[in-house]
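The values are calculated or read from the model by the stated rules, or taken from the named source; none is laboratory data. The structure displayed is predicted, hence computed values, not measured ones. Because the Cβ atoms are built from the backbone with ideal geometry, glycine has one as well, and the counts that use them run over all protein chains shown. All accessible areas refer to the heavy atoms of the entire protein, side chains included, with ligands and DNA or RNA removed. Shrake-Rupley method; radii C 1.70, N 1.55, O 1.52, S 1.80 Å.
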Amino acid sequence: MPLADGNRGTNADGSHSEDYCAYCYKNGEFTQEFTMTQMIEFCLQFLDQWNGQTGYKLTPIQAKEQMLQHFPHLKRWEVNDERTLTEKATHLLSQCENVTVTSIDADGYPRPVQMSKIGAKGFHDVWMATSADSVKVNDFKANNKAGLCYDYYGDGVALRGTVEIVTNDAIRKDMWHEWFIHHFPGGPHDPKYVLLHFVGTEATFWINGEFSHSNI
């Protein structure tokens, strides 16, 4: 993006930034905590607008390839991210409101469903809430093996592990969110309200172009 006075970001002292635009930088801080690959995926959603303004007719693949060539030379991405892969994954999970959890049905087929993440620890310990009579609860009663994955603008983590069905009153009360009342009118002690606690034992990472598979 060509920088002009009308679209420059601002430094901490209020002065115009010589390096970053207003969409990326405000009051001396980046507006999004993105990895480089996440920023590329984020920018792709504005491709039609950009093509219209410039007269180019780049396809998403062409635009992505150009950004992959250009972005590493930008000031923001010249500094290496010193965090470990698990630290990056932990931050990635914090960016995600939803996860996809997979149970194994009675016929041995995986059954993936998207669920709201209501709590997490690290990158592989995730809590969800559901109804005691749901299909996935029945699946996990018969077989507690599970998969769970999450992604955000192109970075993602896939996990294998197990799910515990939690009915403890103290834990249910502690994990209760007010919006649950729309699903469980009886509140934290509603007998239909149960928790699913996933703990991963294996992880596959794809973060900022880095791929890795490891046991936890």
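A few notes on this one:
- Residue identified as open to solvent by 60 Å² or more (accessible area, probe 1.4 Å), of a type in the set (A, V, I, L, M) and modelled with pLDDT of 90 or more among Leu47, Leu68, Leu85, Leu93: Leu68
- Listed conditions (1) touching a helix residue (DSSP H, G or I) at 6+ places or on another chain (Cβ under 8 Å); (2) touching a residue at least 40 places away in the same chain (Cβ under 8 Å) are all met by Gln38, apart from (1).
Yes or no, residue by residue, for (1) open to solvent by 40 Å² or more (accessible area, probe 1.4 Å); (2) touching a Leu at 6+ places or on another chain (Cβ under 8 Å):
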{"residue": "Ser134", "(1), (2)": "no, no"}
{"residue": "Asp139", "(1), (2)": "no, no"}
{"residue": "Asn143", "(1), (2)": "yes, no"}
{"residue": "Thr162", "(1), (2)": "yes, no"}
{"residue": "Phe184", "(1), (2)": "no, no"}
{"residue": "Ile207", "(1), (2)": "no, yes"}
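- Out of Gly147, Gly119, sole residue that is open to solvent by less than 30 Å² (accessible area, probe 1.4 Å) and farther than 24 Å from Asn208 by Cα: Gly119
- Unmet criterion (only one of (1) aliphatic (A, V, I, L, M); (2) under 23 Å from Cys21 (Cβ atoms); (3) touching a residue at least 24 places away in the same chain (Cβ under 8 Å)) for Ala63: (3)
- Boolean, Ser15 is of a type in the set (S, T, N, Q) and under 29 Å from Gly147 (Cβ atoms): no
- Residue count for the stretch 1-37, restricted to those that are among the charged types (D, E, K, R) and under 21 Å from Pro72 (Cα atoms): 5
- The stretch 142-182 - residue that is closer than 16 Å to Met128 by Cα and among the hydroxyl-bearing types (Ser, Thr, Tyr) and, of those, farthest from the chain's Cα centre (by Cα): Thr167
- All positions within the stretch 23-44 that are open to solvent by 50 Å² or more (accessible area, probe 1.4 Å) and either of a type outside the set (Phe, Trp, Tyr) or modelled with pLDDT of 95 or more (or both): Lys26, Asn27, Glu29, Thr31, Glu33, Glu41
- Evaluating Pro60 against the criteria (1) closer than 19 Å to Asp155 by Cβ; (2) out of contact with any Leu (no Cβ under 6 Å at 6 or more places or on another chain) leaves one unmet condition, (2).
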